[in-house]
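The values are calculated or read from the model by the stated rules, or taken from the named source; none is laboratory data. Only a predicted model underlies this, so the values are computations on that prediction, with no experimental measurement involved. Don't worry about glycine lacking a Cβ; one is built from the backbone with ideal geometry, like all the others, and counts go over all protein chains shown. Areas reflect the complete protein model, heavy atoms only, side chains present, ligands, DNA and RNA absent. Shrake-Rupley method; radii C 1.70, N 1.55, O 1.52, S 1.80 Å.
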Amino acid sequence: MRVPFFFLPHDSPLILKQFYLPCLAHASYVIGDQTTRAAAVIDPQRDIDQYIAFADQHGLKITHVFLTHLHADFVAGHLELRDRVGAVICLGAAAKAGYAFTPFDDGQTLELGQVRLKVLETPGHTRESISIVVYDPSKDGNEPHAVLTGDTLFIGDVGRPDLRAALGWTAQALGSMLFDSLHFKLLNLPDASLVYPAHGAGSLCGKALSKETFSTLGEQRRSNYALQPMTRDEFIAVVTADQPDAPAYFNYDAVLNSQERPTLDQALAHGMIPLTLDAVLELQGKGAYVLDTRDAGEFAAAHRAGSINIGLGGQYATWVGTMLDRDHPIVIIAAPGRENEAAIRLGRIGFDHVAGYLKDGLQSLESRPDMTVVTERLSAPLAAEFLSSSQPPLAVDVRNPRERDQKHIAGSVHIPLNHLTENLGKLPKDRPLLVYCAGGYRSSIAASLLQRHGFETVREIAGGITAWEAAKLPVEVTPALA
């Protein structure tokens, strides 16, 4: 991944800064004018301190905040910027929202001073999607310097058109709009135009996003599979095929981004409450999730019985939003000092139903070993011995289908982690289970869920299939790929 871009030439008033959030694969931007000191923030994350700090550092005043669309995979920080610094919220003219905003029609511009932003209506990922063309006044005033493409055009991919079915839009209808937006709007811009999308590799808003966080339009014209010559129907077929499953929270976040709601600071004020062990036990008894955010190895060594491990070291918020629901309060267990981070990252996806955190973390349970359990993590060679024994455990592969097709352990059953809860009935409770993923992050989530649902003998392969292959143990591939 290239370093997030910061454009601040001495001979131009343009300031363009990309902020990249790896855990959500999310890119946001500050664009400013050094002459007027006015700035706009585009697609901000909900915790906005970094934008304000950057603006202060460069003597900028944030006057506007744009959403390129009503995002589904995170809650944006437009209301936070409105309330904190008085920024005017700007959306595409097709957007509908429960708060005051300035609608921007196709071709409408915002002058920050000499720096000019031009809105292009680029529906397809959503009906209200826009892209923002940035003009650098030190160059030809009619030639774009860059285009912020939101989720319309990614590096190596385009935005998926199938996320608005619950709101009445078919993938075919939005896919047809996306074809027009790409071919008759974005691809009409010069090849030298820099492309800055709202997401990179790891985002579920597409299926083949590059790890690069910016490119040029010419490079995308040459290398992006979705921009190659094809008919409208062929385009719709290829961009709707093989999309990853969207977590249930996507629809919730898309709606939340269109509504007036509490700010992140208000949500944290209610959720960041230190709880005694007795209070946690009471909440757990009433159905609250106990969410242990420590690393998988620490969790395996000792954890509260019935707790779920989703570690801060991975795509924490995405997996919380995938595996947990919003109907039960969440109690956080974290390494001391990381409780606030755990709650903030939940707030980024609108999971504001945090009831508090266990004061002093797992240290609170040191005198109560009866309340903790362990998860045995086996080395790959030892796991292989267990699997070749006369009474082997059932190996459970919780990776996604593409990973499974490429290689897997012979005899293992396949239940992707995001479908584990609904398929628990397919697993035997009278046989030991041996869970594995690619490296150990997802298998820890899976093992904790299995233990929570009464599976007594659950082990993991430490290091997952990566460790298995490193030990030169055999793998199989799906026959069609062999």
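Near ILE130, within a Cβ-to-Cβ distance under 15 Å, what is the net charge of the other residues, with Lys and Arg +1 and Asp and Glu -1?
My count for the surroundings of ILE130 gives -3.
Within the range 440-482, list the trypsin sites (Lys or Arg not before Pro) lying in a DSSP loop whose Cβ has at most 13 other Cβ atoms in a 10 Å radius.
LYS472
What does the accessible area of THR457 come to, in Å² to the nearest 10, when a probe of 1.4 Å is used?
60 Å²
Is the shape of the range 1-139 best called rounded, prolate or oblate, per the rule: a/c under 1.5 gives rounded, else a/b larger than b/c gives prolate, else oblate, with a ≥ b ≥ c the square roots of the Cα gyration tensor eigenvalues?
Judged from the Cα gyration tensor, the range 1-139 comes out rounded (a/c under 1.5).
Find the all-direction average of the projected area of the Cα convex hull for the range 245-337, expressing the result in square nanometres with one decimal place.
7.2 nm²
If R₀ is 60 angstrom, what is the calculated FRET efficiency for the pair LYS426 and ARG338, using the beta carbon separation as r and rounding to 0.05?
For LYS426 and ARG338, the calculated efficiency is 0.95.
Around VAL458, what is the net charge, scoring Lys/Arg as +1 and Asp/Glu as -1 over all other residues with Cβ under 12 Å from its Cβ?
+2
First compute the accessible area of the chain with a 1.4 Å probe, then give the percent of it belonging to carbon and sulfur atoms.
Roughly 52 percent, rounded to a whole number.
In terms of the ratio Rg/(2.2 N^0.38 Å) built on C-alpha atoms, what value belongs to the range 368-417?
Cα-based Rg divided by the globular estimate yields 1.44.
In the neighborhood of ILE330, defined by Cβ-to-Cβ distances under 13 Å, what is the net charge if each Lys or Arg adds +1 and each Asp or Glu adds -1?
-2
Against the globular-protein guess of 2.2 N^0.38 Å, express the Cα radius of gyration of the range 276-425 as a ratio, rounded to two decimals.
Working it through for the range 276-425, the quotient is 1.16.
Using the Kirkwood formula over every pair of different C-alpha atoms, what hydrodynamic radius in Å results for the range 350-482?
16.1 Å
Averaged per residue, what accessible surface does the chain expose to a 1.4 Å probe, in Å²?
Roughly 40 Å² per residue, with all protein chains present.
Given axes a ≥ b ≥ c from the Cα gyration tensor, I'd like to know whether the range 93-198 is rounded (a/c under 1.5), prolate (a/b larger than b/c) or oblate.
Oblate.
In whole angstrom, how far apart do the alpha carbon centroids of the range 188-208 and the range 146-163 sit?
5 Å
What FRET efficiency, computed as 1/(1 + (r/R0)^6) with R0 = 35 Å and r the Cβ-Cβ distance, is obtained for ALA269 and LYS139, rounded to the nearest 0.05?
With R0 = 35 Å, the Cβ-Cβ based efficiency is 0.15.
Please give the solvent-accessible surface of ASP49 in Å², to the nearest 10, using a probe radius of 1.4 Å with every protein chain present.
100 Å²
List the trypsin sites (Lys or Arg not before Pro) within the range 71-174 that fall in a DSSP loop (any state other than H, G, I, E or B) and whose Cβ has at most 11 other Cβ atoms within 10 Å.
For trypsin sites (Lys or Arg not before Pro) across the range 71-174 that sit outside H, G, I, E and B with at most 11 neighbouring Cβ atoms in 10 Å, the list reads LYS96.
Quick check: from the Cα gyration tensor, does the range 23-82 come out rounded (a/c under 1.5), prolate or oblate?
prolate
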